[in-house]
1. Under 30 Å from G218 (Cβ atoms), in contact with a helix residue (DSSP H, G or I) (Cβ under 9 Å, 6 or more places away or on another chain), touching a residue at least 60 places away in the same chain (Cβ under 8 Å) and not polar (S, T, N, Q) - does that describe any residue in the range 296-305?
2. So, in the range 106-118, how many residues would count as being buried (at least 17 other Cβ atoms within 10 Å of the Cβ) and assigned to a strand (DSSP E or B)?
3. Anything in the range 1-39 that is modelled with pLDDT of 80 or more and of a type in the set (S, T, N, Q)? List them, or say none.
4. Count, please, the residues in the range 143-163 that happen to be touching a residue at least 40 places away in the same chain (Cβ under 8 Å) and either of a type in the set (A, V, I, L, M, F, W, C) or not in a strand (DSSP E or B) (or both).
5. Take the range 195-212 and flag every residue that is not β-branched (V, I, T) and not in a helix (DSSP H, G or I).
6. Here are some residues: P76, P88. Which one is outside the structural domain of E148 (by TED's automatic domain parsing), over 27 Å from the mean Cα position of the chain (by Cα), under 29 Å from P151 (Cα atoms) and modelled with pLDDT under 95?
7. Test of understanding: among F214, F234, F225, which residue is touching a Ser or Thr at 6+ places or on another chain (Cβ under 6 Å), of a type outside the set (G, A, S) and in contact (Cβ under 8 Å) with a residue 40 or more places away in the chain?
8. Residues to consider are A273, A232, A287, A301; find the one that is of a type in the set (A, V, I, L, M) and either at positive phi or surrounded by 23 or more Cβ atoms within 10 Å (Cβ to Cβ) (or both).
Amino acid sequence: MLRTVAPPPRSPARPARAADPDRRRTSARTVLRCVLEHGPVARSTIARLTGLSPASVTDHCARLTELGLVREATAPRRSGGVGRPHLPLDLDGSGLVVGGVHVAVPYTTVALLDLRGRVVAERRLPHPDTDPLRVLERAAGGLADLLERVPERRPLGVGFASGGWVDRAAGTVVDHPLLGWREVPAREVLRARTGLPVHVDGHARALADAERLFGRAGGSALHLFAGNIVDAAFATRDEVHHGPRSQAGAIAHLPLVGGTERCPCGRTGCLQAELSERTLCRRAREAGVCDGRDPLHVVDAAAAGHPVAARLLRERARMVGRAVGLLTDVLNPESVIVTEIGVIHRPDCLAALRGELDPARAATVTPTSFPESVLAVAGGAVALDVLYRDPLSASPERI
């Protein structure tokens, strides 16, 4: 007799794996980044560049289109002049924006940015005082005013950036010594005033993300921000380093060779004391260059031919170069981006900075990619970074 073997009992259907939502988010992020970098781009090209299946690309493109993030370009492309024309996809630049809030020492910048990080509208709000609640309430009101000017646009969320110690996870400004802010719940206040998702980060890290998404940074990159606050950020493998409680990038009290400025900490030559725009303005005032209230006045004086103004800017740029050398000796990044007013506006300042470095390193140093709107981009980039990491979470609302 033939022996019969009972089939094994059937296993119950397995539930969808928990990783599936994560996989979908990762694939959607990959598709959106591909459109950002290559658009207008055909779906077949997206599949080839990303390694995703054509069916998966089609599904993700449909979802991203529903969310208003991508759209079909108006002019189809033909492949070799035969067959059905390709319908390339591009970011939808007409419908969605993010709000940006950057709090500097003398004023707050509020702005609206499109999905490519371009400034749609911008406004500067001088501080009548530095009370954090009043500053943030004015910022929320400023964003609402900007949105009223573009009623066809829908806001996805708000990004907040400032100098000092900003805890991204907690949504707080832990310490901003020049404003006197301590444990300010920036995310909570702006969310309550706008009704929108709010994301918070330090401005050096925000600009590092902006360079990674929309600028010239590739591979590992150091970003040095020298304003009234001086801080830095380091990015590698598409990630900006934050560290515990987002304390990474605090470089204010690093010693700078050749520094002569007395720091509030009691030492001489601390990096922020030497490089702060407050120091530049005071020196310009003492030299009779200008009234010494706005660093752009020093740049304007240099452009008008004032030799002392030009010298002050070059000297500051040289000290920035020494700071770059100090940081790159430790981090060894592939590229260095500097946000500093002289380097942004004057080739002689960029040359002075590079002159403090060996030639191989000097060639990797460039100014910010956003010279005309750096503070607006810093705020908006915080929200755009979140969008490009998880586009399926986008949920347009109205202030």
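1. For the range 296-305, residues under 30 Å from G218 (Cβ atoms), in contact with a helix residue (DSSP H, G or I) (Cβ under 9 Å, 6 or more places away or on another chain), touching a residue at least 60 places away in the same chain (Cβ under 8 Å) and not polar (S, T, N, Q): absent.
2. Pass one, the range 106-118, residues buried (at least 17 other Cβ atoms within 10 Å of the Cβ): 108-115, 117.
After this cut, where a residue has to be assigned to a strand (DSSP E or B) as well, the list is 108-113.
Looking only at that region, the number is 6.
3. Once the filter is applied, which keeps residues that are modelled with pLDDT of 80 or more and of a type in the set (S, T, N, Q), the range 1-39 yields T26, S27, T30.
4. Within the range 143-163, the first condition is being touching a residue at least 40 places away in the same chain (Cβ under 8 Å), and the residues that meet it are 143-144, 146-147, 150, 152-163.
Next, only the ones that are either of a type in the set (A, V, I, L, M, F, W, C) or not in a strand (DSSP E or B) (or both) stay: 143-144, 146-147, 150, 152-153, 156, 158, 160-161, 163.
Residues in the range 143-163 being touching a residue at least 40 places away in the same chain (Cβ under 8 Å) and either of a type in the set (A, V, I, L, M, F, W, C) or not in a strand (DSSP E or B) (or both): 12 in total.
5. Start the filter on the range 195-212 by keeping residues that are not β-branched (V, I, T), which leaves 195-197, 199, 201-212.
Residues satisfying the conditions are G195, L196, P197, H199, D201, G202.
6. Values: P76 fails: under 29 Å from P151 (Cα atoms).
None of the others qualify; the one that does is P88.
7. Numbers: F214 fails: touching a Ser or Thr at 6+ places or on another chain (Cβ under 6 Å); F234 fails: touching a Ser or Thr at 6+ places or on another chain (Cβ under 6 Å).
Just a single option satisfies the conditions, and that option is F225.
8. Details: A273 fails: either at positive phi or surrounded by 23 or more Cβ atoms within 10 Å (Cβ to Cβ) (or both); A287 fails: either at positive phi or surrounded by 23 or more Cβ atoms within 10 Å (Cβ to Cβ) (or both); A301 fails: either at positive phi or surrounded by 23 or more Cβ atoms within 10 Å (Cβ to Cβ) (or both).
The conditions single out A232.
The values are calculated or read from the model by the stated rules, or taken from the named source; none is laboratory data. Since the structure is predicted, the reported quantities are computational estimates derived from the model, not experimental observations. Using ideal geometry, Cβ is built from the backbone for each residue, glycine included, and neighbour counts are taken over all protein chains shown.
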